[in-house]
1. Residues to consider are Ser146, Ser167, Ser151, Ser172; find the one that is in contact with a Leu (Cβ under 7 Å, 6 or more places away or on another chain) and more than 16 Å from Leu102 (Cβ to Cβ).
2. In the range 75-105, what residues are of a type outside the set (Gly, Ala, Ser) and out of contact with any helix residue (DSSP H, G or I) (no Cβ under 9 Å at 6 or more places or on another chain)?
3. Would you say Thr124 is surrounded by fewer than 23 Cβ atoms within 10 Å (Cβ to Cβ), modelled with pLDDT of 85 or more and within 20 Å of Leu141 (Cβ to Cβ)?
4. Is one or more of the residues making up the range 59-76 farther than 19 Å from Ser181 by Cα and touching a Leu at 6+ places or on another chain (Cβ under 8 Å)?
5. So, in the range 200-214, exactly how many residues are out of contact with any helix residue (DSSP H, G or I) (no Cβ under 8 Å at 6 or more places or on another chain) and assigned to a helix (DSSP H, G or I)?
6. Would you confirm whether or not the range 174-185 contains a residue that is farther than 22 Å from Trp109 by Cα, part of a helix (DSSP H, G or I) and within 14 Å of the chain's Cα centre (by Cα)?
7. For residues in the range 160-218 being charged (D, E, K, R) and over 28 Å from Pro81 (Cα atoms), which is modelled with the lowest pLDDT?
8. For the list (1) outside any loop (DSSP other than H, G, I, E, B); (2) at pLDDT below 95; (3) loosely packed, with under 15 Cβ neighbours inside 10 Å; (4) not aromatic (Phe, Trp, Tyr), I need the number of the one condition that Gly133 fails.
Amino acid sequence: MNSRQLSHSFSITEVRGYVLAGGQSRRMGTDKALIPVNGQTAVERQCRLLEPLCPQGVFVAGARFAPATNFPWHVIQDPIPDSGPITGILSALRHAQRGIALIVAVDLWSLTPDTIAAVVQAMTSQSGPDQGGVEENEFDLSYTHSAADPSSMGVQPLCAAWRVETSLPIISEQFDLGERSVMRAWSDLHRHPVSVPESHIANINTPSDMENFRQVKG
């Protein structure tokens, strides 16, 4: 079953997509959102990746660049700039207000349609145990986890589907208390890991990461 077929079988159609693009890109030395990836910018690549699974639209959270007049995706601003990805997640959840917010980082250049579909499918099928092994009727979020590393080091929190109504109050409270770690802020949520190839969820943070990516992808 491909990602387009999966999207037609979802029981929840109120899915909105968000690309996190508010980082300072210090290690890269240039805005990662605007780096060319296979003939398009990274932010365009991620937005188009999300579109088939997001019937309620795709948005860019916290962009540091000035969008061109013909940029087709609406940009929403982070509540406190330069406070890490949790600010982009909070911006996305507040903008969505309800339903499912599918949130991915702009620098996950190896994400595939099947990986994205699996994350959303986990939220809509709602079967199996949560992170603590307890059967739940509803997960608060599903997220990607490296199939090669079952430890916390294999978690990729910046590719996840969030149930807005249950996640927003917790994340907002943690943010107001000064928490800036996504994985600490979500610790009280019912979470469902989705095992994916490690290579699909690697961040591209530095020029050497970018060079390795291009050598592998050709």
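1. Numbers: Ser146 fails: in contact with a Leu (Cβ under 7 Å, 6 or more places away or on another chain); Ser167 fails: more than 16 Å from Leu102 (Cβ to Cβ); Ser151 fails: in contact with a Leu (Cβ under 7 Å, 6 or more places away or on another chain).
From the options Ser146, Ser167, Ser151, Ser172, the qualifying one is Ser172.
2. Within the range 75-105, the subset of a type outside the set (Gly, Ala, Ser) is 75-82, 85-87, 89-90, 93-95, 97-98, 100, 102-104.
Val75, Asp82, His95 - these are the residues of the range 75-105 that are of a type outside the set (Gly, Ala, Ser) and out of contact with any helix residue (DSSP H, G or I) (no Cβ under 9 Å at 6 or more places or on another chain).
3. On the way: surrounded by fewer than 23 Cβ atoms within 10 Å (Cβ to Cβ): yes; modelled with pLDDT of 85 or more: no; within 20 Å of Leu141 (Cβ to Cβ): yes.
Answer is no for this residue.
4. Here is the first cut: in the range 59-76, the residues farther than 19 Å from Ser181 by Cα are 59-60, 63-76.
From what's left, touching a Leu at 6+ places or on another chain (Cβ under 8 Å): 65.
Yes: the range 59-76 contains one or more residues that are farther than 19 Å from Ser181 by Cα and touching a Leu at 6+ places or on another chain (Cβ under 8 Å).
5. The number of residues fulfilling the criteria is 8.
6. Checking the range 174-185: not a single residue is farther than 22 Å from Trp109 by Cα, part of a helix (DSSP H, G or I) and within 14 Å of the chain's Cα centre (by Cα).
7. Kept after step one, since they are charged (D, E, K, R), are these residues of the range 160-218: 163, 165, 173, 176, 179-180, 184, 188, 191, 198, 209, 211, 214, 217.
Still in the list and also over 28 Å from Pro81 (Cα atoms): 198, 211, 214, 217.
Details: Glu198: 91, Glu211: 73, Arg214: 70, Lys217: 65.
Here the answer is Lys217.
8. So Gly133 meets the others, but not (1).
The values are calculated or read from the model by the stated rules, or taken from the named source; none is laboratory data. These numbers were taken from a predicted model, which means no experiment stands behind them. When we count neighbours, we look across all protein chains shown, and the Cβ atoms used for this are built from the backbone with ideal geometry, even at glycine.
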